1. With viscosity set to 1.567 mPa s at 4 °C, what whole-number translational diffusion coefficient in µm²/s follows for the stretch 53-132 from Stokes-Einstein and a Kirkwood radius over Cα pairs?
2. Taking the mean number of other Cβ atoms within 10 Å as a proxy for protection, how do you rank 280-293, 121-134 from highest to lowest?
3. Anyone know which of Ser255, Ser194, Ser151 comes out most mobile in the 10 Å Cα GNM of the chain?
4. How long are the three semi-axes of the equivalent ellipsoid for the stretch 221-381, computed from the Cα gyration tensor as the root of 5 times each eigenvalue, in whole Å, largest first?
5. Which value results when the Cα radius of gyration for the stretch 298-391 is divided by 2.2 N^0.38 Å?
6. Per residue, what volume in Å³ does the Cα convex hull of the stretch 208-301 take up?
7. How much of the pair distance distribution for the stretch 6-115 lies past 23 Å, counting alpha-carbon pairs only, in percent?
8. Along each of the three principal axes of the Cα atoms of the stretch 175-246, give the extent in whole Å, ordering the values from largest to smallest.
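None of the figures in this text is laboratory data; all of them are computed from the coordinates on show. Just so you know, these numbers come straight off a predicted model, no measurement behind them. Every residue, glycine as well, gets a Cβ built from its backbone with ideal geometry; the counts of neighbours run over all protein chains shown.
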Amino acid sequence: MSPPPAASTRDVAQELTRRLAATAVERDERGGTPKAERDALRASGLLALSIPAEFGGGGADWRETLDVVRLLAQADSSVAHVFGFHHLMLATVRLFAQPAQWQPWFEQTARRQWFWGNALNPLDDRTVSSAHPGWREFTGQKSFCSGALDSEMLIASAREEGNGAFIVAAVPTGRSGIFVAPDWNNIGQRQTDSGSVTFEKVRVEQHEVLADPGPLSTPFACLRPLISQLVLANIYLGIAEAAFHDARHYTLHESRPWHASKVAQMQDDPYVLSQYGEFWVGLESVRVLADRAADRLDAAWRRGTALSEDERGEVAVAVATAKVAATSTGLDICTRMFDVAGARATHGGLRLDRHWRNLRTQSLHDPVAYKVRELGEWALQQHYPVPTFYS
């Protein structure tokens, strides 16, 4: 199926969101690979959304792509995660490689509905690369490999044997020597398949190595971790919006007022109303910050290799601000939703705790305290966040 035209993208995403919501509770309990849901994404054409039209894609900018990530997260943050990271992997080959490499991959992805998975994790150095004439060998393991199961392509990284240089490559998931383990069993994000990948003497051809310009080589290449951060911020916002809507439903339709409130309906309790007011301010604030960060990312993306360090720094500040706000607001709403939804909302079959579990699980992979410190250095000293492999 070809990518949806821009005018219909949101309609396609909304229909997919409705389908995801119908089974989200049951699948949260089950865990494992959301195979049918991933196939629905393939069939939707949305996997080609961010690919330029000249290569068969939807030609969407980051604002539109991240809007879809946020919308999917309202129904299923695990599927939103692997969808968002799929587009992050496509951005990785665009930023780190030459057109002769990424253009064919884009065309193949759009034509064949490829799913890209992540085996990059720069904090896990257990995979080692050794050089051979015209190719490399990858051997070792990677953890937190979101979306690797049921993918057609992987972005993988290794450390160069001897000098420790960071090597990134794009390889077919089904290549001999690559083993993707179904070993993800965490309390949240239960269908992201963020388990481990093992490389056993995997041959990586030289044309598959993303070395020109490579990671952290230019301000433009350094946009990659900011895209990752903004994908997560939109997932957190989508989770918070879902928690808000679930809480609202229970307040209006299921909850009983506390006897001391002297009101006939929970929705008239002044303490409940004040909490919803706080929820709304928080959500609206994060929406504005996330959209502003996406607009700045799009402006930087259009600059391409002409992007300056300061321009990249402006995007980094906007993204970090949105990420911090989305984390704190999201965790607050996902916790306090039970104060306004009432005791009936804690029934185990509803699994409304999944909103908190999902956000808490994912946010721990990048402690928000360090983002706050970066913003403090900017606010006080006017120092932009320093580009790294992961922020």
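1. 91 µm²/s
2. 280-293, 121-134
3. In the Gaussian network model the winner is Ser255.
4. Rounded to whole Å, the semi-axes are 37, 15, 13.
5. Details: Rg = 17.8 Å, N = 94, 2.2 N^0.38 = 12.4 Å.
So the Cα radius of gyration is 1.44 times the expected 2.2 N^0.38 Å.
6. 120 Å³
7. That tail contains 25 percent of the Cα-Cα pairs.
8. 50, 35, 13
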